[in-house]
């Protein structure tokens, strides 16, 4: 299983200009290595994030003063994010801002604490989505869409707070296009589910750590009975080794436990991509199922109707729901 799995992991960026395609998005690189930076280097990162534009114009002495660190610390920070010098870092940052300014600089500027908090949290979400897209293994995603589009039944496994919520979200994405799907977050139920699968069935596993023993064993059981197994997880982990198809997702986590885990946004993006791909394969059948679902929920006022799902006629015959 593990040796033949589709999907490759993320390679760390080199510390030189030889691999510009990886280093060019220096903002993404800062996001990925943040957890590995020293406390002093994080001070530099914070100063850069507070004003990207200003960072492209400051001298190394000015940035060191703003961050409250020494100039050698700034140089070490630049090397940690893949640049050989501070001058190279400024060039790479300016290039990134030119290409992605719309994503890095919101039109609205906040001076209040809540606004700055919202900007910090939402920027992390956008950075996670961008990092995931930059590293996406499209071959593995395509293979997953092929398998799931023709699957007789799909079961979804995941454990832990973040993965459990993503499992439920994935179930909602799939059953609305007419696919028989169940979601399990309990280890015992996952094993029992796996034991009932056969050839033609499929399993999706969602795991940020990739190290849940119960989930890995359920994947092995499902595989032994002929089901195809797909994992959205970190490469080179027990779950990745057990799955037939691996879609690697590696997003750096923040040491501040109060900040939402940004990796869940990356997982949601991949889940939505797969669900959209399956719906496209199913064509008219998926479209009709979605229309019927949206029509029924729009009729009780919990969805915004579209021209094809306008429940006006139906709503005239029923009483409003509270």
How far is it, in nm, from the label point at residue 109 to the one at residue 272 when both lie 7 Å from their Cα along the line to the Cβ?
3.0
Defining a contact as two alpha carbons under 8 Å apart and six or more residues distant in sequence, what relative contact order in percent does segment 136-282 show?
25
Roughly speaking, what is the stretch gain from residue 214 to residue 152, that is 0.36 nm per residue apart minus the C-alpha to C-alpha distance, in nm to one decimal?
19.9 nm
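Suppose the chain between residue 257 and residue 40 were pulled fully straight at 0.36 nm per residue; how much longer would it get relative to their current alpha carbon spacing? Write down the numbers at each step before the final one.
Details: separation 217, 0.36 × 217 = 78.12 nm, distance 1.97 nm.
Roughly 76.1 nm would be gained on extension.
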Separation between the residue 121 and residue 196 pseudo-spin-labels, each 7 Å from Cα along Cα→Cβ, expressed in nm?
3.8
Describe numerically, in nm with one decimal, the distance between label points set 7 Å from Cα along Cα→Cβ at residue 188 and at residue 62.
6.5
Net lengthening on full extension, residue 54/residue 138 (0.36 nm per residue, minus Cα-Cα)
26.6 nm
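Each value in this text was obtained by applying a stated rule to the coordinates, not by laboratory testing. All figures in this text were calculated on a predicted structure; none of them were measured in a lab. We place every Cβ from the backbone using ideal geometry, glycine too, and count neighbours over all the protein chains shown.
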